[in-house]
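Here, each number is a calculation from the coordinates, and none is a lab measurement. Remember, predicted model here, so these are calculated numbers, not experimental data. Methodologically, a virtual Cβ is constructed for each residue, glycine included, from the backbone with ideal geometry; neighbour enumeration extends over all protein chains shown.
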Ligand SMILES: [Zn+2]
């Protein structure tokens with residue numbers, strides 16, 4: 001019996017302990033065999049024999065249970081150690097995406113005009129001279145072509161300098177009335193604080209029978225649009241020049257940075273120029289074969305709007321892909 005208790009004590013893992021349990025306490029184990037001898041013990045000694053054996057069994061059980069609980073807690077400790085988290089390790093960072101401010105602003109602009117039943121049209125980025133210039137009252141050698149520094153291809157095609165060629169394409173392919181916007185990327189050879197070689201415009205065009213749409217409609221719709229975009233701002237229409245509209249007007253809002261008091265952003269004028277518009281020049285209608293119609297058009301610089309809405313000082317940061325800027329728009 002002594003060697004059995006030593007065997008239990010020396011056991012080092014639960015599997016081994018289980019086979020020891022079977023060996024000692026099992027149905028065909030050592031103790032069962034000992035109890036089997038009881039039959040052949042003389043009656044006078046039976047009681048003592050049985051008591052002795054039961055005592056030994058209890059003692060062994062006690063040692064066994066103690067060993068079992070020690071090994072179990074050791075195993076648990078081992079398991080916890082192996083599953084422990086090293087909190088000093090870097091985890092996998094979960095980042096949340098955000099819509100780019102230019103795309104977000106573009107969507108907002110599109111939503112407004114779609115709600116007024118404007119169709120959303122699109123056209124190719126590579127245009128021909130007719131659609132980009134000639135049909136828009138910019139004949140060859142017209143000095144106003146200089147206003148737009150153009151990227152030309154060897155075959156005389158070009159990267160569109162504005163979204164206005166989509167107007168031309170739409171008018172060439174459909175009848176009046178037309179209510180459309182053309183959002184998209186445009187390209188010019190220019191790079192500084194407020195210019196990048198690629199930027200986005202939303203062009204708008206409304207054409208109907210002569211006399212149906214007027215400058216007053218243009219003024220009303222753009223004033224409402226600017227209130228939708230910028231809230232409670234003052235809106236001012238200022239005479240200007242664009243080859244494709246006559247009369248032409250540039251539209252200003254009271255400065256969103258200083259509420260019109262005058263600051264560095266508005267060059268201390270209290271006003272910010274936000275878009276160009278006008279009544280469509282009759283030469284444009286002539287170029288696409290329209291007669292007895294009238295209409296108005298406007299062009300919105302999407303980046304300009306995004307900068308004003310989010311108070312971004314340098315246009316170029318919108319295209320640098322710096323995650324620190326983009327993360328601010330989550
Ligand atoms: Zn200002």
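Values for this structure:
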{"quantity": "13 Å reach of a label modelled at residue 37, 7 Å along Cα-to-Cβ, counting backbone N of the range 1-30", "calculated": "1-2, 30"}
{"quantity": "Distance between modelled label sites at residue 320 and residue 292, nm, 7 Å Cα→Cβ extension", "calculated": "5.8"}
{"quantity": "Gain in span if fully extended, residue 174 to residue 224, counting 0.36 nm per residue against the direct Cα distance", "calculated": "15.2 nm"}
{"quantity": "Distance from the range 265-286 to the range 298-319 (C-alpha centre basis), Å", "calculated": "16"}
{"quantity": "FRET efficiency, residue 55 to residue 86 (Cβ-Cβ, R0 51 Å, nearest 0.05)", "calculated": "0.50"}
{"quantity": "Cα gyration tensor shape of the range 158-246, rounded if a/c is under 1.5, else prolate or oblate by comparing a/b with b/c", "calculated": "oblate"}
{"quantity": "For the chain: relative contact order, % (alpha-carbon pairs under 8 angstrom, 6 or more apart)", "calculated": "15"}
{"quantity": "Peptide ranges 175-188, 85-98 listed from the most packed, as the mean C-beta count within 10 angstrom indicates", "calculated": "175-188, 85-98"}
{"quantity": "Per-residue [θ]222 nm for the chain (sum of -39500 (n - 2.57) over DSSP H runs n ≥ 4, rounded to 500)", "calculated": "-12500 deg cm²/dmol"}
{"quantity": "Cα gyration tensor category, rounded, prolate or oblate, for the range 2-83 with a/c compared to 1.5", "calculated": "prolate"}
{"quantity": "The range 139-232: relative contact order as a whole-number percent, Cα under 8 Å and 6+ apart", "calculated": "23"}
{"quantity": "Pair residue 273, residue 45: separation of 7 Å Cα→Cβ label points (nm)", "calculated": "12.3"}
{"quantity": "Protection-proxy order for peptides 68-78, 215-225, each taking the mean of Cβ atoms within 10 Å per residue, highest first", "calculated": "215-225, 68-78"}
{"quantity": "Equivalent ellipsoid dimensions for the chain as semi-axes, Å, which come from the Cα gyration tensor, largest first", "calculated": "92, 22, 19"}
{"quantity": "Förster radius 25 Å - calculated FRET efficiency between residue 104 and residue 265 (Cβ-Cβ, nearest 0.05)", "calculated": "0.75"}
{"quantity": "The range 16-79 versus the range 119-174: alpha-carbon centroid distance in Å", "calculated": "99"}
{"quantity": "Gain on full stretching of the segment that runs from residue 282 to residue 69 - 0.36 nm per residue minus C-alpha separation", "calculated": "66.8 nm"}
